[in-house]
Structures are given as C-alpha cells and as structure tokens.
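What follows is one structure encoded as structure tokens, with my remarks underneath.
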Amino acid sequence: MSFDDNNNPRAGSSSPRSGPWGAPAPEPPARPTLRAGRGTRSNRTRWLSVAFFVILLFGVGARAYRDLSRPEAWAYWRDLYFSPSMTSSLIADAEFGGPERGRRALAISGTIGPAAASWFRDRLNEAHLAEGDAVLLSSPGGDLNQAIIMGEIIRARGLVTAVGAVDASNHVRPSYCASACVLVYAGGKVRIGIDGSRLGVHRFVTRASGHDPVAETQRTEGAVLGYMTRMGVSASVVEAMSATSEVRWLGAQEAAAMNLITEPVGRP
C-alpha cells in the first residue's frame with residue numbers, strides 16, 4: 001500500500017479492510033446454512049414419524065390377527081355385529097293379564113350367544129326402558145357367563161322379567177326359558193310367572209381344555225349359587241340344577257317356593 005504526503009492511502013491502491021486505528025477488521029463469520037439443516041431435521045423427523053406409525057400399525061394388526069384367529073374371538077364378533085343369535089322387539093303396551101296390564105317391555109328370543117350381553121345392553125339403551133319396565137324371555141339357554149351378565153344388567157336397571165312371547169295384539173303368550181336363560185330371568189327385580197310358561201334347569205358342565213373338569217364344574221356351581229343368592233333366589237334351585245344333566249321343567253308352585261317366581265299371574 002502507498003500513501004500520499006498527508007498519510008492518506010493513494011487512490012486506486014488496494015488495501016484490506018481496516019478497523020479503528022488502522023488495525024485490520026476481522027472477517028464477519030460465515031452464516032450457517034440454517035435452512036438446509038432445518039429441512040434435513042424436518043425430513044428426518046417426518047420419516048421417523050412414518051416409521052413409528054408403520055411399526056405401530058403392524059403391531060396392532062398382528063395382535064388383532066392373533067386375537068381374531070381364535071375361534072371364540074370370531075364367534076364373539078359374528079354374534080355381536082354380523083349374525084346375532086338373539087332377536088328383540090319393543091312392545092309399548094304389553095298385556096300380561098290380571099293386574100299386570102300396559103307394561104312397556106322388550107321381548108328377546110333365541111340362543112344366548114358369546115356376545116349376548118353386549119348385544120342386550122345395546123338393545124336396552126335403544127329401547128330406553130325405565131325402572132319397572134319388563135324384559136320378556138324366550139330362550140333355550142346358551143352361554144352361562146353371558147347370561148349372568150345379562151341378569152346383572154337387568155337388576156341394575158330395576159327391570160321386571162317374565163317368560164313369554166308377544167302376539168300381534170300385544171298379548172303376552174306362554175313360552176319357555178331353560179338352562180342359562182333361567183339366570184337371566186333371575187335378574188328381574190320382580191319375576192312374573194305367566195301361566196303356561198315353563199322354566200327348565202339342569203346341571204352346568206364346563207368343558208374347559210387343560211383344566212380339571214370336576215374342579216371346573218364345582219367352580220361353576222359356586223358361581224351360579226353366589227349369583228342366585230344375590231338375586232334373592234333360594235339355594236334349592238341350584239340343588240335342582242345339580243341333580244340332573246337333562247332339563248327339568250319346574251312347576252309354577254315349585255318355582256314360586258324357590259322364590260324364582262315372585263309374582264304369579266293368570267293366563268292372559
């Protein structure tokens with residue numbers, strides 16, 4: 001660099017940038033390429049999210065496939081959504097006969113399937129039954145555990161039970177309720193006895209693989225006894241169940257003596 005007489009840089013001469021007192025100024029730091037780095041991190045986060053979602057979806061799908069591959073799982077979903085084993089109809093003014101007239105009722109019929117309790121709860125919610133309304137039963141029985149749950153639902157809602165079916169004139173006609181259906185019937189806060197309707201009981205046998213069948217049968221009898229006791233039914237009904245492997249039809253007076261029927265009604 002060259003200077004003039006006044007110690008100023010000559011025109012046209014090149015010099016590095018200078019700071020105060022002529023000291024060279026430091027070069028400004030280079031700006032980091034933040035945009036490129038942020039984009040890279042964003043892409044990485046997006047791919048990690050996608051990978052996590054795929055892994056989660058695969059895990060859920062594998063678990064669902066494993067669960068649904070069991071025959072009992074398929075039976076449950078089929079009974080709940082595709083082909084329910086029971087049917088229902090709502091009667092706004094069911095005629096029971098005698099003093100029992102004009103009672104709102106939900107009539108259910110068919111075999112108690114593996115998803116019957118969930119199906120039954122949905123039907124009750126749709127029907128908007130109130131305490132004191134009735135559930136009419138017509139069933140040969142079915143799943144014991146589902147029947148107990150259905151009975152508990154009936155008792156929790158303060159509903160009345162009766163064995164019967166309704167004709168086109170809304171008159172309750174005699175029908176039958178056997179095996180596990182009797183447990184559903186026992187859930188009624190009031191259990192109406194329709195003249196001509198039948199209640200059938202028998203021994204419940206559990207065929208659980210890998211378990212002692214005698215121990216399982218005893219456990220089942222204990223569960224049934226506990227349930228009937230909570231429902232206010234005499235233990236003698238469980239004795240009647242245990243006495244036979246074939247269906248035994250109880251007479252109206254016998255069922256009333258067991259406190260299974262709490263309110264007999266005449267023939268409609």
>> Name the single residue that is nearest to SER89 (Cα to Cα) among those in region 154-171 being surrounded by fewer than 17 Cβ atoms within 10 Å (Cβ to Cβ) and hydrophobic (A, V, I, L, M, F, W, C).
In response: ALA168
> Considering region 116-165 alone, what residues qualify as being assigned to a loop (DSSP other than H, G, I, E, B), under 27 Å from ARG78 (Cβ atoms) and of a type in the set (Gly, Ala, Ser)?
Replying inline: GLY141
> For SER179, which of the numbered conditions (1) more than 21 Å from GLY251 (Cα to Cα); (2) open to solvent by 10 Å² or more (accessible area, probe 1.4 Å) fails to hold?
Replying inline: (1)
>> Given the options PRO174, PRO140, name the one that is open to solvent by 10 Å² or more (accessible area, probe 1.4 Å) and within 28 Å of GLU221 (Cβ to Cβ).
In response: PRO140
> Can you pull out the residues in region 222-268 that are touching a Ser or Thr at 6+ places or on another chain (Cβ under 6 Å) and open to solvent by 60 Å² or more (accessible area, probe 1.4 Å)?
Replying inline: ASN259
> Would region 135-156 turn up any residue that is at pLDDT 95 or above, among the β-branched types (Val, Ile, Thr), more than 19 Å from the chain's Cα centre (by Cα) and within 20 Å of SER197 (Cβ to Cβ)?
Replying inline: yes
> Out of all the residues in region 172-219, which are over 27 Å from ASP93 (Cβ atoms), in contact with a Pro (Cβ under 8 Å, 6 or more places away or on another chain) and among the β-branched types (Val, Ile, Thr)?
Replying inline: VAL205, THR206
>> Show the residue pairs meeting these rules: Cβ distance below 9 Å; 6+ apart or different chains; first residue within region 234-252 and touching a residue at least 24 places away in the same chain (Cβ under 8 Å) and within 15 Å of VAL205 (Cα to Cα); second residue of a type in the set (Phe, Trp, Tyr) and open to solvent by less than 30 Å² (accessible area, probe 1.4 Å).
In response: MET241/PHE204; SER242/PHE204
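The values are calculated or read from the model by the stated rules, or taken from the named source; none is laboratory data. In this text the structure is predicted, and so the values were computed from the model without any measurement. Please note: Cβ atoms are built from the backbone with ideal geometry, for glycine as well, and neighbour counts cover all protein chains shown. Calculation scope for accessible area: heavy atoms of the full protein, side chains included, ligands and nucleic acids excluded. Shrake-Rupley method; radii C 1.70, N 1.55, O 1.52, S 1.80 Å.
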